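Trainee: Following this message is one structure expressed as structure tokens.
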């Protein structure tokens, strides 16, 4: 497990050459991401590891682990600290710049490259694990990404992939009822367009487990779990969330129960 949290790194002091926003973004992103996912996936935050209820950090030591879509490098840094031989890719040069700077400041090592996930250039059977959190649903060609993931995994290797859940309260209740009906975005927009309007990325697909299974049919087996962010589930359910934030200690069990069944994050473990 990870000992020192990456959000403790003073990235602001070491990224002056990485663009006008680099001095503040990494640390802020870490805190927002870590606190948000503390509902289910890293409940010990700011202790423990990011997404530790989903990612098998204890199995990463000495193994080849590829992260697709490293962003600012938070998840990659935790994988590296777990003792993995870390490989990380992202489509953007800014993400690669920030991740490399994070690794430099933290004294971590990893193979960090700018690369299109639809055209992964790693050799066949070269990875023990692949990790991709909230990335492939933004791809123009999801089947191509999953085919490449399958190709680079060694036999028996596993991919840990999160995509947006079409059966979630966010999609089916918040987007359909509160945004679509109450705010009259339907029928001017399709439900998928409504959901996309509050989602990052030019492309943002939502899948259910059946669609995910069809896309990943070439894997030998797969299993699914669900999660969501802290204090958002009640907002999706009743249209508002802010008034409940002061009572999170009281609503947490209910929110966890909802998130584990109808969370926005559909988490798949795919076995080659």
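The values are calculated or read from the model by the stated rules, or taken from the named source; none is laboratory data. These numbers were taken from a predicted model, which means no experiment stands behind them. Positions of Cβ are backbone-derived with ideal geometry, glycine not excepted, and every protein chain shown enters the neighbour counts.
Trainee: Name the single residue that is surrounded by the fewest Cβ atoms within 10 Å (Cβ to Cβ) among those in the stretch 193-208 being within 20 Å of the chain's Cα centre (by Cα) and in a helix (DSSP H, G or I).
Mentor: Taking the stretch 193-208 first, the residues within 20 Å of the chain's Cα centre (by Cα) are 195-208.
Checking which are in a helix (DSSP H, G or I) leaves us with 195-197.
Values: 195: 25, 196: 19, 197: 12.
This residue is 197.
Trainee: Take the stretch 131-163 and flag every residue that is more than 16 Å from residue 224 (Cα to Cα) and assigned to a strand (DSSP E or B).
Mentor: 153, 154, 155, 156, 157
Trainee: Of all residues in the stretch 20-42 being part of a loop (DSSP other than H, G, I, E, B) and at pLDDT 95 or above, which is nearest to residue 162 (Cα to Cα)?
Mentor: Step one: filter the stretch 20-42 for residues part of a loop (DSSP other than H, G, I, E, B), giving 20-24, 40-42.
Retained after the next criterion (residues that are at pLDDT 95 or above): 40-42.
Working: 40: 14, 41: 12, 42: 15 Å.
For the stretch 20-42, the residue satisfying everything is 41.
Trainee: So, one more: Within the group 102, 113, which residue is in contact with a helix residue (DSSP H, G or I) (Cβ under 9 Å, 6 or more places away or on another chain), in a strand (DSSP E or B) and over 30 Å from residue 260 (Cα atoms)? Give the steps one after another, and end with the answer.
Mentor: Working: 102 fails: in a strand (DSSP E or B).
Going through 102, 113 in turn, just one is in contact with a helix residue (DSSP H, G or I) (Cβ under 9 Å, 6 or more places away or on another chain), in a strand (DSSP E or B) and over 30 Å from residue 260 (Cα atoms): 113.
Trainee: Determine if the stretch 6-17 includes at least one residue that is at pLDDT 95 or above, loosely packed, with under 15 Cβ neighbours inside 10 Å, over 20 Å from the mean Cα position of the chain (by Cα) and assigned to a loop (DSSP other than H, G, I, E, B).
Mentor: Taking the stretch 6-17 first, the residues at pLDDT 95 or above are none.
Checked the stretch 6-17: no residue is at pLDDT 95 or above, loosely packed, with under 15 Cβ neighbours inside 10 Å, over 20 Å from the mean Cα position of the chain (by Cα) and assigned to a loop (DSSP other than H, G, I, E, B).
Trainee: Is there any pair with a first residue in the stretch 164-188 that is on the phi > 0 side of the Ramachandran plot and assigned to a helix (DSSP H, G or I) and a second that is modelled with pLDDT of 95 or more and buried (at least 17 other Cβ atoms within 10 Å of the Cβ) whose Cβ atoms are under 9 Å apart and which are 6 or more apart or on different chains, and what are they?
Mentor: none
Trainee: Residues 229, 255: which one is crowded, with 20+ Cβ neighbours inside 10 Å, touching a helix residue (DSSP H, G or I) at 6+ places or on another chain (Cβ under 8 Å), touching a residue at least 12 places away in the same chain (Cβ under 8 Å) and assigned to a loop (DSSP other than H, G, I, E, B)? Let's see the steps before the verdict.
Mentor: Details: 255 fails: assigned to a loop (DSSP other than H, G, I, E, B).
Only one candidate passes the filter, namely 229.
Trainee: Which residues, counting only those in the stretch 44-92, are in a strand (DSSP E or B), more than 13 Å from residue 135 (Cβ to Cβ), in contact with a helix residue (DSSP H, G or I) (Cβ under 7 Å, 6 or more places away or on another chain) and touching a residue at least 40 places away in the same chain (Cβ under 8 Å)? Walk me through it before giving the result.
Mentor: Looking only at the stretch 44-92, we keep the residues that are in a strand (DSSP E or B), and these are 64-68, 85-90.
Cutting the leftovers down to more than 13 Å from residue 135 (Cβ to Cβ) gives us 64-65, 85-87.
Subset that is in contact with a helix residue (DSSP H, G or I) (Cβ under 7 Å, 6 or more places away or on another chain): 65, 86.
Answer for the stretch 44-92, where residues must be in a strand (DSSP E or B), more than 13 Å from residue 135 (Cβ to Cβ), in contact with a helix residue (DSSP H, G or I) (Cβ under 7 Å, 6 or more places away or on another chain) and touching a residue at least 40 places away in the same chain (Cβ under 8 Å): just 65.
Trainee: Within the bounds of the stretch 209-226, is there any residue that is surrounded by 12 or more Cβ atoms within 10 Å (Cβ to Cβ) and closer than 21 Å to residue 35 by Cα? Steps first, please.
Mentor: Step one: of the stretch 209-226, the residues surrounded by 12 or more Cβ atoms within 10 Å (Cβ to Cβ) are 209, 211-213, 215-216, 218-219, 222, 224-226.
With closer than 21 Å to residue 35 by Cα added as a condition, the list becomes 225-226.
Yes, the stretch 209-226 contains a residue that is surrounded by 12 or more Cβ atoms within 10 Å (Cβ to Cβ) and closer than 21 Å to residue 35 by Cα.
Trainee: Can I ask one more? Enumerate the pairs (first residue in the stretch 14-42 and closer than 14 Å to residue 265 by Cα; second residue anywhere and at pLDDT below 50) with beta-carbon separation below 9 Å, excluding pairs fewer than 6 apart on the same chain, so at least 6 apart or on different chains.
Mentor: 33/7
Trainee: Out of the stretch 223-255, which residues are modelled with pLDDT of 95 or more and under 18 Å from the mean Cα position of the chain (by Cα)?
Mentor: Selection gives 223, 224, 225, 226, 227, 228.
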